[in-house]
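Coordinate-derived values only; no laboratory data. Small disclaimer: the values here were computed from a predicted structure and weren't measured.
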Amino acid sequence: MKRKLLIAVPLLCVVGVTAWMFRPKRESQGEAFVSERAAPVLSGIAQVRQQVGVLHYGERVEVLSKRNEYTKVRTPTGAVGWVEAHQLMEPALWQRSIKLLEQVRNMPVQARGRTKVSTNLRVLPGRTEPRLYQFARNVPVEIVGRGVAEWVQSADEKDSSNDAETKKEDWFLVRGIASRPPGESSARVSVATTTTEPGDQTVPIAGWVIARFIELDLPDPVREGASSANIRPVAWFELNRAPDPS
């Protein structure tokens, strides 16, 4: 009996160690957050691949591995696939975006406008600063601050300007919305505001954009006064309203 036990105990230990070594491993390299309105999830990174899902701005994903310009992720629903790395932001940058939104939440509106073209939203003024999001064309924004940064060439800015003499450029600190298709939840609280498409849900967002990419929505009295006086308004505030005697 003792001999059988002496054989069985080591054998069980070997089996246990082997099972532990070959157990399914949950590989993870941290987390990330989607920085695009829509980020396709792909079955692989080879030329022959399929789209197996889509992620939306603010969604948290688990990072499993990275290869070239792609990141393998596990989505909130448990699906596994590949997304382009530039469509994700690191947790530290996500936290900076949240803090920036809190800072500007109660700042007074200096002006309102709309994006002229697809416009990158950055965490600080400057074309090389980390990107938080990209507004589509004709998206409404509220301007709450202004800044100046050095002009540098950037691959992800659609800019036809070739003025080499330009050393600095103006930037706007704006509040806007990151839209999501109907029925999609978000890591932030949605707000009721203008959306880019009927039925879209919206998520508040804030950051810096190049000033000349914004077309100001001038009130009629301001537009008429500016045109007659040949001036360029940069901000306006409504102080009071008076009835028209006519």
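Assign one of three labels to the stretch 102-143, namely rounded, prolate or oblate, based on the Cα gyration tensor with a ≥ b ≥ c the square roots of its eigenvalues; rounded applies when a/c is under 1.5, prolate when it is not and a/b is larger than b/c, and oblate otherwise.
Since a/c reaches 1.5 but b/c is at least a/b, the shape of the stretch 102-143 is classed as oblate.
Using θ = phi - 60° and the Karplus relation 6.51 cos²θ - 1.76 cosθ + 1.60, list the HN-Hα couplings for the stretch 72-79 in order, rounded to whole Hz, with x at every Gly or Pro.
8, 10, 10, 7, x, 8, x, 6
According to the square roots a ≥ b ≥ c of the eigenvalues of the Cα gyration tensor, what is the shape class of the stretch 22-89, taking rounded for a/c under 1.5, prolate for a/b larger than b/c otherwise, and oblate for the remainder?
Judged from the Cα gyration tensor, the stretch 22-89 comes out oblate (a/c at least 1.5, b/c at or above a/b).
Could you pull out every residue, at least 5 positions away or on a different chain, whose amide H is within less than 5 Å of the one on Tyr70? Hs are placed 1.01 Å off N in the peptide plane, and Pro or chain starts have none.
Ala85
If the chain between Lys66 and Lys167 were fully stretched, how many nm would it gain, using 0.36 nm times the residue separation less the Cα-Cα distance?
32.7 nm
Need the full-extension length gain, Arg114 to Glu150, defined as separation in residues times 0.36 nm minus the C-alpha distance. One decimal, nm.
10.6 nm
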